[in-house]
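Throughout, read-outs are computed from the coordinates displayed, never taken from laboratory work. Quantities reported herein were computed from a predicted structural model and do not represent experimental measurements. Because the Cβ atoms are built from the backbone with ideal geometry, glycine has one as well, and the counts that use them run over all protein chains shown.
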Number of protein chains: 2
Amino acid sequence: MNTSALPIQMRGAPDIIRLHGHRGARGVLPENTLIGFRNTFEIGVRAVEIDIMITADGVPVLTHNPSLMAAATRGPDGRWLERDSKPVVQMSHDELQQFDVGGLRDGTAYAARYPDQAFLSGIKIPDLAQLVNMVLEPEFADVWLNIEIKSNPDHPDEAPTLPRLVAPVLAVINAAGIADRVLLQSFDWRVLTEIARQAPHIPRSYLTYETRKHPTMAVNVIDGSPWMDGASLAAHNGSIPQVVSNLGGAVWSPYFKDITAKALAEAQALGLVVNVWTVNERADINRMIDLGVDGIITDYPARAQRCLLAKGLSWHEDVTPMPR
Amino acid sequence: MNTSALPIQMRGAPDIIRLHGHRGARGVLPENTLIGFRNTFEIGVRAVEIDIMITADGVPVLTHNPSLMAAATRGPDGRWLERDSKPVVQMSHDELQQFDVGGLRDGTAYAARYPDQAFLSGIKIPDLAQLVNMVLEPEFADVWLNIEIKSNPDHPDEAPTLPRLVAPVLAVINAAGIADRVLLQSFDWRVLTEIARQAPHIPRSYLTYETRKHPTMAVNVIDGSPWMDGASLAAHNGSIPQVVSNLGGAVWSPYFKDITAKALAEAQALGLVVNVWTVNERADINRMIDLGVDGIITDYPARAQRCLLAKGLSWHEDVTPMPR
């Protein structure tokens, strides 16, 4: 990947930090749903970050976890799942359509994290193709997709083999002719290697988490980690940006608590775009803005709009910050 | 008004408290805009509370203040208004269409009150007729409108004469055949008297504020107040519910900090429905739920959905609270 080929709308610019609505706008609408994506585009945010799993019959669908979360899923009988579902990769597309992912189950820790998220009913897990059709609507001509392909090298049973994981995603993208409107990201860099093989022209984003303080995740960037697909930090002065650059990444996407001014400067000097995830509290959003990242992935894209404007910045060329 | 004629969807019920999205959903989307109304309906909330002013050429438009707020309005040149506009009643419908009400101006006190409200551009002040058309879409067949007609007896220059204030609103409602899907409310009870004269079959809601602690408003219910259109508290044991009932009101709509368990019980015993405004903080929403009001008017309808579900309650018959 020549990073100079990264489309302009995916890069930061002077006075512009791009906003990515995380799973749509998880803070206010159910995650990875068409209504969440549409609302994010309608408020003027130009990118959504989404999660892909592949069904047993090979359909890319938009859902985050290897199994459907009990805290966010009602079954065909309209009742909450008693436990997480069987793996998505073992279910057909039709089977998945029987679940309702429109709301969070009160009393769960997950629901408590998003107390302002609307509660809908009758909301199906969308296909990637449905979102792509939305992106093709004329009013959304300038939106784009930050697509995370879910895969876990420690649990290869949770996804198809790498070629069969990547190919159906690329097929949907290519059928719609939107290769220039997608960024492909993964924590599992083996997926990114496979993308480089099948579609070297599509920019890749290398997701990382280094901190041990994250509530639910483990470190993926440490030498010997299966997530790094054999890449070596030691061979690059311990520098993640250098490794990502060497792998041909266009984007480095670290956990926001991991990023430092030094690492950001190094990445940007290497020509990498830096998108941080997932930044929700106002103070954290402001800190990332002040640091000067290229993109902010957030569950609260409207809040982040306001934080940018308050600093005389914007998220898109069409929105000019005005003097207070 | 025979309160028994109040449509069921406008009344509370066992396990149901109605939610009204205040000005759409001011907490998350710009107030009194089509995108705010649509989003509120799409998340499953069945009523929006809206504000009507009449233009110089007699068109009912949706906006709250006598003049367009500088803190929320950009002019034809795309720049913030330096001060509030001239009165809406002095502007034609076409003139009003030149303003952009899609966002709040950073640095103002008003913007600071709604830090999670999305920032859009190119958003016009809607006509009542546009919202009514939305309500006629098949998917919104069961939504209804709580329409506040703005009028100030101390500033009669801010609105047409009472007959000319009320008639155009009724004309839009009648043309669409949705008289059974609207509730008409006002702080200025002279407006409600005029509605009783022109359209006695449409239910009326008597808005009140008693507290002196409200940041921007003055008391409207006190004997001798021009807002009460000559009604007397003294003649009704000082009881607002009795006055409202005597005037043929179907609904009493007090400021939420004014309501007491005693007054609520009295109102409900009189057959009145009680809708409280404008309840935004989670603790306040929960207190109103526990008190047992019929309806809650809120800038955060999604948050209020979640508060209801957490207490095993709902806002509509279609949404059944499920065991936790």
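Overview of results
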item: Other-copy label distances relative to B:ALA176, 7 angstrom Cα-Cβ extension, nm; result: 3.3
item: Whole-angstrom gap from segment B:246-314 to segment A:87-146, using each part's C-alpha centre; result: 32 Å
item: Nearest-first distances (nm) between copies at A:ASP142, label 7 Å from Cα via Cβ; result: 4.0
item: Farthest toward positive dipole pole in chain B [+1 Lys/Arg, -1 Asp/Glu at C-beta], among B:ASN133, B:PRO301, B:TRP80; result: B:PRO301
item: Ascending list, in nanometres, of distances separating the A:GLN90 label from those of the other copies (7 Å, Cα toward Cβ); result: 7.3
item: Kyte-Doolittle mean at least 0.0 and Cα axial length at least 20 Å: DSSP H helices in chain B; result: B:162-176
item: Residue among B:ARG197, B:ARG303, B:ARG38 with the largest mean-square fluctuation in a Gaussian network model of chain B, springs linking Cα atoms under 10 Å; result: B:ARG197
item: Those lysines that a straight Cα-Cα span of less than 29 Å connects to A:LYS124, excepting residues fewer than 8 apart in one chain; result: A:LYS86, A:LYS150, B:LYS311
item: Chain B - mean residue ellipticity at 222 nm from DSSP helices (-39,500 (n - 2.57) per run, n ≥ 4, rounded to 500); result: -7500 deg cm²/dmol
item: Neighbour-count order for B:ARG204, B:ARG83, fewest beta carbons within 10 angstrom listed first; result: B:ARG83, B:ARG204
item: Average beta carbon contacts from partner chains per residue of A:297-303, 10 Å cutoff; result: 3
item: Mean-position separation - Cα centroids, segment B:4-71 and segment A:3-76, in angstrom; result: 29 Å
item: Within a Gaussian network of chain B (alpha carbon springs, distance under 10 Å), most fluctuating of B:ARG113, B:ARG164, B:ARG18; result: B:ARG113
item: Cα point-scatterer Debye curve for the protein assembly as shown, base-10 log of I(q)/I(0) at q = 0.05 Å⁻¹; result: -0.26
item: Share of alpha-carbon pairs per 5 Å distance bin for segment A:268-324, given as whole %; result: 4, 19, 30, 24, 15, 6, 1, 0
item: Most mobile of A:PRO30, A:PRO14, A:PRO163 in a GNM of chain A (Cα contacts under 10 Å); result: A:PRO14
